[in-house]
Amino acid sequence: MNELSVEQKNFLHIQKRHRRVVGVSRILILLSFLFIWEFTANTGIIDSFIFSSPSKIALCFWELTADGTIFLHIGVTLYETILSFLLVIGISVLAAILLWFSSKLSEILDPYMVVLNSLPKSALAPLLIVWLGANRTTIIVAGMSVAIFGSILSLYSSFSSVDPEKIKLIYTLQGNRFHAMTKVVLPSSLPAVINIMKVNIGLCLVGVIIGEFLAARNGLGYLIIYSSQVFKMDWLLLGIVLLCIMAMLLYALISLLEKWCSKRY
Amino acid sequence: MESNAEQILELKSIYYAYHNMEGETRALTDISFTMKEGEFVAIVGPSGCGKSTLLSIISGLLTPEKGLIKINGKYLRESTTNIGYMLQHDQLFEWRTIYHNVILGLEIQHMLTTKTKAKAHELLDTYGLKQFENARPSELSGGMRQRAALVRTLVLEPDILLLDEPFSALDYQTRLRVGDDIGQIIKKEHKTAILVTHDLSEAVSLADRVIILTPRPASIQQTLPLIFHLEEDTPLNRRNAPEFKNYFNLIWKEINGNE
């Protein structure tokens, strides 16, 4: 190990302190939020019937774990989200490849894609219920509908922004358009695919919750809508807290995938 | 016209134009020349005159509007002769190691065998890249990257090499060294080569013959054979030879005379 200079030590020290300040502040914000919430609810400053309180939510979680129903809700939402996410990624990669191979097709379809992308997808949910029934398929399709058009559009634009000189290289090596796709376009778009995954995992969760509001008998979306109807605010807020945690974990999972990919490529 | 056996490349009245909605831009008019096997020809001309277009046509990436190209006596479309093409930038892929970049052409042409793999390793060794086989392109200097790009072309054993300003992205010092380097490699491997460049000293130091093109639409203004009386005909020795300055000035006047 080389002896570190005083300046380098100093620099490292400042960096370390900076990271510590950021970390501690984050935790402090959460703790003080929870504390103020609990305190005001207990002293009656806010109505704990409407606003609930951290301890009541925790207790409620405990009760629901005892009979296992909460795991059913979490599991159902997780399953629907991951399935619609995987379908969105698969279909949009295939669609973007197809559009890349036929620039004529992509030019023809462009206005339709733009319209479908800007349409508020929650408007489709009632339609899906009529067409597909109030079942799991509807919820998964609702989850996909939120993410898929934007995902195809941004994948296609990343495919077509590949350096034309790199594609020319493939042709100079006697390759064809298929080689250009597999050897250049796909590998160089890997970062874009991961970015789209990061956006889509959140969007799919949004779509699945919309679907569950309207067409489910279990899942966190169902838990939220049901508890608002029967005015069980503890359940409702528990549902939201669990959604926060789920969104965070799913995002972290994709970040992990990104790290693994950047190490390999 | 009959093409004799040692004539590896023949171009006859090539015409080409680019088209867009604003109109057409004529790039090449009536380009004809022939090349012998093992010859090194440099093509110079004012910038934007269509030099690179010519290479794209010879390589078959573009189809001429008029004219014909024969390689080893066969029409370009039916020819089985391998043509290697070196682009201005090395275009090494960052997601592949140097070795995997070098075998990209073999992969595409389904020619990955124990023999060709060994050839790739051997060429990397010969040109001083052995220790970088598993490195990423970004870890190499500009000169080494350009050498890796040359190995990627040579491993396909091309009979004709097309060089499209392959040194222009390098800084001056590296350019001299790599130009010298690659010039020697091509001579040693007895490759027929066409170099397109705007750097006249590069053309004079490397080529056996210089073809000077007119401004767009390009046609051949003059063809100038270069004869150096040197014991060891290397690019660096040429730069110090008395003929170098004369040839340089001659080409300079030819190009600037029509402006």
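Read-outs throughout are calculated quantities, based only on the coordinates presented, and are distinct from any laboratory measurement. All values reported here derive from a predicted model rather than from experimental measurement. Glycine also receives a Cβ, built like all others from the backbone with ideal geometry; neighbour counts cover every protein chain displayed.
Pairs of Lys residues in chain A that lie 8 or more places apart, or on two chains, and have C-alpha atoms under 30 angstrom apart add up to 24. Here the ratio of the Cα radius of gyration of segment B:56-137 to 2.2 N^0.38 Å is 1.36.
For B:Lys191, the aspartates and glutamates whose Cα comes closer than 12 Å to its Cα, not counting residues fewer than 8 places off in the same chain, are B:Glu37, B:Glu39, B:Glu157, B:Asp159.
Rounded to the nearest 10 degrees, the angle from helix A:136-160 to the longest Cα principal axis of chain A is 40 degrees. Once backbone amide H atoms are built at 1.01 Å from N, B:Glu39 has B:Ala193 as its partners under 5 Å, excluding neighbours fewer than 5 places away on the same chain.
Once you've got the Cα coordinates, tell me which of B:Lys70/B:Lys188; B:Lys66/B:Lys253; B:Lys36/B:Lys119; B:Lys119/B:Lys245 are over 29 Å apart.
Distance filter (> 29 Å) returns B:Lys66/B:Lys253; B:Lys119/B:Lys245.
Of the trypsin sites (Lys or Arg not before Pro) found in segment A:129-229, the ones in coil according to DSSP and having at most 14 other Cβ atoms within 10 Å of their Cβ are A:Arg217.
For a modelled paramagnetic label at B:Asp30, 7 Å from Cα along Cα-to-Cβ, the residues of segment B:218-259 in reach, with backbone nitrogen under 17 Å, are B:218-223. Close amide H partners of B:Lys66, meaning residues 5 or more places away or on another chain with modelled amide H under 5 Å apart, are B:Tyr15. Building the convex hull from the alpha-carbon atoms of the protein assembly as shown and averaging its projection over directions returns 37.9 nm². Our coupling estimate for segment B:41-46, obtained by passing each phi through the Karplus curve with A = 6.51, B = -1.76, C = 1.60 and θ = phi - 60°, is 10, 10, 10, 10, x, x Hz, Gly and Pro reported as x. Which listed residue (A:Leu72, A:Val208, A:Asn135) has the Cα farthest towards the positive end of the charge dipole for the protein assembly as shown, taking +1 on Lys and Arg C-beta and -1 on Asp and Glu C-beta about the Cα centre? The one lying farthest along the dipole's positive direction is A:Leu72. Taking 4 °C and 1.567 mPa s as conditions, chain B diffuses translationally at an estimated 68 µm²/s according to Stokes-Einstein applied to its Kirkwood radius (Cα pairs). Taking other residues whose beta carbon is less than 14 angstrom from the beta carbon of B:Ser32, and scoring Lys, Arg as +1 and Asp, Glu as -1, yields +1. In the protein assembly as shown, helices alone account for a calculated mean residue ellipticity at 222 nm of -19000 deg cm²/dmol, with every DSSP H run of four or more residues adding -39,500 (n - 2.57).
Between A:Arg177 and A:Gln8, the C-beta separation translates, for a Förster distance of 51 Å, into a calculated FRET efficiency of about 0.50. Using Cα pairs closer than 8 Å and at least 6 residues apart in sequence, work out the relative contact order for chain A, in percent. 24 percent.
For chain A, the longest principal axis of the Cα atoms and the long axis of helix A:190-215 meet at an angle of about 40 degrees. Loop-resident GluC sites (Glu not before Pro) (DSSP state other than H, G, I, E or B) in segment B:8-73 with no more than 10 further Cβ atoms inside 10 Å of their Cβ: B:Glu22. A compact globular protein would have a Cα radius of gyration near 2.2 N^0.38 Å; the ratio found for segment A:65-264 is 1.20.
Rounded to the nearest 20 debye, the dipole size of segment B:86-156 about its Cα centre is 120 debye, using +1 on the Cβ of Lys and Arg and -1 on the Cβ of Asp and Glu. Once both labels are positioned 7 Å from their Cα atoms along Cα-to-Cβ, the gap between B:Met111 and A:Ser255 label points is 4.7 nm. When the Cα positions of B:Ala120, B:Leu226, B:Thr192 are compared along the charge dipole of chain B, B:Ala120 comes out farthest toward the positive end, with charges on each C-beta of Lys, Arg, Asp and Glu.
Distances between placed amide hydrogens fall under 5 Å for B:Ala27 paired with B:Tyr16, B:Ala17, B:Tyr18, all partners being 5 or more residues away or on another chain. The Cβ shell under 14 Å around A:Val185 holds other residues with a net charge of +2, Lys and Arg each +1, Asp and Glu each -1. Could you give the angle, 0 to 90 degrees to the nearest 10, between helix A:54-66's Cα long axis and the longest principal axis of the Cα atoms of chain A? That helix lies at roughly 80 degrees to the long axis.
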